[in-house]
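Q: Dumping the structure here so I can ask a few things about it.
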Amino acid sequence: MIDYDAIASAGGIPKPARSNREAVREINPKASVTKKKPKKSRIIPKAVKEATLEKSRFCYVGLCPYCGGKRVTVHDDFDHYPARSQGGRDIPEHGWMARHECHMESHANPKQRKEMFGAVEAAGYPVDWGAKI
């Protein structure tokens, strides 16, 4: 039989040593090993989207330039061309309004994207093919 009174009077059973990771977690319980990075996306000003939408209404009668079947609104995506990484800015001359699904697909298919902006240029709108940073 175990004499619990003797163990308690001797100071009890020592706690097992914790690993450093558990000690850190105890100090900061919300810390996560897989912490997500913040998104790099920026909010395009509504005035810029509205001006870009006017351009879309003239060339594509307000429909998505990629699929051609869905109406585009100011709540849809601003498609940069040239891309922001290539010097594209948040101005109507460097963008086009597109549905979210079509916009994501256009980034996966750069050839389709270049053809669409070629059609935009043929319609009379200047396209900045090589933006200067």
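Values quoted throughout were computed directly from the atomic coordinates according to the rules given, and no laboratory measurement underlies them. Source: prediction; values computed, not measured. Because the Cβ atoms are built from the backbone with ideal geometry, glycine has one as well, and the counts that use them run over all protein chains shown.
Q: Would you please give the FRET efficiency between Ser85 and Val61, computed as 1/(1 + (r/R0)^6) with r the Cβ-Cβ distance and R0 = 25 Å, to the nearest 0.05? List each step's numbers first, then the result.
A: Values: r = 31 Å, r/R0 = 1.23.
It comes to 0.25.
Q: Another question, then. Beyond 27 Å between alpha-carbons counts as too far, so tell me which of Lys46/Lys111; Lys37/Lys70; Lys36/Lys70; Lys70/Lys111; Lys49/Lys70; Lys37/Lys114 fall in that bin.
A: Working: Lys46/Lys111 29 Å; Lys37/Lys70 33 Å; Lys36/Lys70 33 Å; Lys70/Lys111 21 Å; Lys49/Lys70 17 Å; Lys37/Lys114 30 Å.
Violating the 27 Å Cα-Cα cut-off are Lys46/Lys111; Lys37/Lys70; Lys36/Lys70; Lys37/Lys114.
Q: Only Lys, Arg, Asp and Glu count, each charged at its Cβ (+1, +1, -1, -1), so figure out the dipole size of the range 46-122 about its Cα centre, rounded to 20 debye. Show your work: numbers first, answer last.
A: Working: 12 positive and 11 negative charges, 8 e Å.
Dipole size: approximately 40 debye.
Q: Between Glu54 and Ala108, what FRET efficiency follows from the Cβ-Cβ distance if R0 is 25 Å, with the result rounded to 0.05?
A: Details: r = 28 Å, r/R0 = 1.11.
It comes to 0.35.
Q: Compute the length gained on full extension between Lys36 and Glu121: take 0.36 nm times their separation in residues and subtract their Cα-Cα distance, giving the result in nm to one decimal.
A: Taking 0.36 nm per residue and subtracting the Cα distance, the gain is 26.6 nm.
Q: What does the highest-first list of 91-102, 72-83, 42-53 look like by mean Cβ count within 10 Å?
A: Taking the mean over residues of other Cβ atoms within 10 Å, the ranking is 91-102, 72-83, 42-53.
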